[in-house]
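Here's the structure we're looking at; comments come further down.
The values are calculated or read from the model by the stated rules, or taken from the named source; none is laboratory data. As the structure is a prediction and not an experimental result, all values here were calculated from the model. Backbone-built Cβ (ideal geometry, glycine too); neighbour counts: all protein chains shown. Just so you know, the surface numbers come from the protein's heavy atoms only, side chains and all, with ligands and any DNA or RNA stripped out. Shrake-Rupley method; radii C 1.70, N 1.55, O 1.52, S 1.80 Å.
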Amino acid sequence: MHKHLFAIFGNPVSHSKSPLMHNLAFKGLGIGGCYTRYLLEDGGKLKEKFFALGLKGINITVPHKEHAYRACDVLDPFAQKVGAVNTIVEKSGKLYGYNTDAPGFLKAISEFRGAKKVLFLGAGGTAQSTSMILREAGYEVSILNRSEGRLVRFIEEGFECYTFENFQPQKFDLVINMTSAGLKDDALPCPGEILDVVIPSAKACIDVIYGKETPFLKLAKAHGKPTKDGADMLLYQGIIAFEYFTDHAYRFDEILPHMQKALLL
Ligand code: NDP
């Protein structure tokens, strides 16, 4: 492959593991690519900056995934459906957009075989794309969110939705924290009384946050439940993005051992 330049666009972006992940994969697979980070303050300038920097592809993180969606000339059907793009590849001067967060998450939870009923705690952008792909894969997804406002889109899409006030306790196979509660604080994603009802009957509890044990996962462990954090989701969305960057010249399993090293460093 010609030595192409890639980057992650976000604000903040200094914490991102993506440069390490992708550069280790380029090196390990003997590809002459290079991946950097770019602090994008104005999401409206995404396309302009992409071309000014001479990039071949980018990943997009908070808060620009909707700007990225709008900047694309061609959208993958799933990205089109969810309205959020986290991977862009330039081909013949056009920007092609994809969402790899959702398939990355779907793969990350595939180890919980037999799980069908899923409770999402949170209704933000990540919940939006992942709820769609889980439903397409046959899961029944219910959404519980702190505020009512963000549930509107989910209600329109036909998901069973609750706020803390009207939640109906029932048995869920997987309880998943899709909020940022616990990322920079010690907050639980919903009132403890609700968690004390849904966690005991769950098969496992999952968090999309990685790099720390959140209060939610601590509580799940205290209930003796298997837990999983967001590290595999991060890794798998990166591998799927890398497949797009290299036009599927490498298989998922070939990329995995190289990219995986970034999470251990
Ligand atoms: P958004 O800002 O779009 O949504 C945030 C959601 O969290 C909303 O539902 C919000 O509820 C809820 N929330 C925030 N704080 C609290 C709180 N203290 N108590 C209860 N609910 C709360 O975020 P994203 O969807 O973009 O990201 C969500 C999480 O996913 C982040 O932690 C992010 O780091 C993680 N993530 C992980 C990835 C990975 O690869 N592992 C990839 C992408 C994201 P309300 O509507 O009431 O405000």
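Are any of the residues in region 28-39 hydroxyl-bearing (S, T, Y), within 16 Å of the ligand (Cβ to nearest atom) and either open to solvent by less than 50 Å² (accessible area, probe 1.4 Å) or under 30 Å from F164 (Cβ atoms) (or both)? Looking through region 28-39, none of the residues is hydroxyl-bearing (S, T, Y), within 16 Å of the ligand (Cβ to nearest atom) and either open to solvent by less than 50 Å² (accessible area, probe 1.4 Å) or under 30 Å from F164 (Cβ atoms) (or both). Taken over region 84-96, the criterion of being among the polar types (S, T, N, Q) and surrounded by 19 or more Cβ atoms within 10 Å (Cβ to Cβ) is satisfied by N86, T87. Does D253 satisfy being within 15 Å of M21 (Cα to Cα) and touching an Asp or Glu at 6+ places or on another chain (Cβ under 9 Å)? No, not satisfied. Taking region 240-265 as the search range and keeping residues that are over 12 Å from the mean Cα position of the chain (by Cα) and of a type in the set (A, V, I, L, M), which one is nearest to the ligand (Cβ to nearest atom)? Only one residue fits best here, namely L263.
The requirement of being within 20 Å of Y236 (Cα to Cα), touching a residue at least 40 places away in the same chain (Cβ under 8 Å) and in the same structural domain as L217 (by TED's automatic domain parsing) is fulfilled somewhere in region 132-149, by at least one residue. If the condition is being on the phi < 0 side of the Ramachandran plot, open to solvent by 10 Å² or more (accessible area, probe 1.4 Å) and small (G, A, S), then region 199-217 contributes only S201.
Just so you know, in region 162-179 the residues that are crowded, with 17+ Cβ neighbours inside 10 Å and part of a loop (DSSP other than H, G, I, E, B) include one that is farthest from the ligand (Cβ to nearest atom), and it is D173.
Scanning region 187-198 for residues that are near the ligand (Cβ under 10 Å from one of its atoms) and either open to solvent by 20 Å² or more (accessible area, probe 1.4 Å) or over 13 Å from G122 (Cα atoms) (or both) yields A187, L188, P191.
Residues that are touching a residue at least 60 places away in the same chain (Cβ under 8 Å) and open to solvent by 10 Å² or more (accessible area, probe 1.4 Å) within region 97-111 comprise Y98, D101, P103, K107, E111, listed in sequence order.
So how many residues does region 214-228 have that are in a helix (DSSP H, G or I) and either among the charged types (D, E, K, R) or more than 11 Å from the ligand (Cβ to nearest atom) (or both)?
Applying the first criterion (in a helix (DSSP H, G or I)) to region 214-228 yields 215-222.
Right, trim to either among the charged types (D, E, K, R) or more than 11 Å from the ligand (Cβ to nearest atom) (or both) and you get 217-222.
So the answer is 6.
When region 112-144 is filtered for residues that are within 9 Å of the ligand (Cβ to nearest atom) and open to solvent by 40 Å² or more (accessible area, probe 1.4 Å), the ones remaining, listed by number, are G125, T126. Looking only at region 57-83, residues that are within 17 Å of N11 (Cα to Cα), within 13 Å of the ligand (Cβ to nearest atom) and surrounded by fewer than 22 Cβ atoms within 10 Å (Cβ to Cβ) come to 4 in all. Of all residues in region 183-194, at least one satisfies being in contact (Cβ under 8 Å) with a residue 24 or more places away in the chain and not in a loop (DSSP other than H, G, I, E, B).
Of all the numbered requirements in (1) hydrophobic (A, V, I, L, M, F, W, C); (2) open to solvent by 50 Å² or more (accessible area, probe 1.4 Å); (3) within 14 Å of the ligand (Cβ to nearest atom), A231 misses one, and that requirement is (2). Inclusion of L183 among residues that are at pLDDT below 95 and within 19 Å of the chain's Cα centre (by Cα) is warranted.
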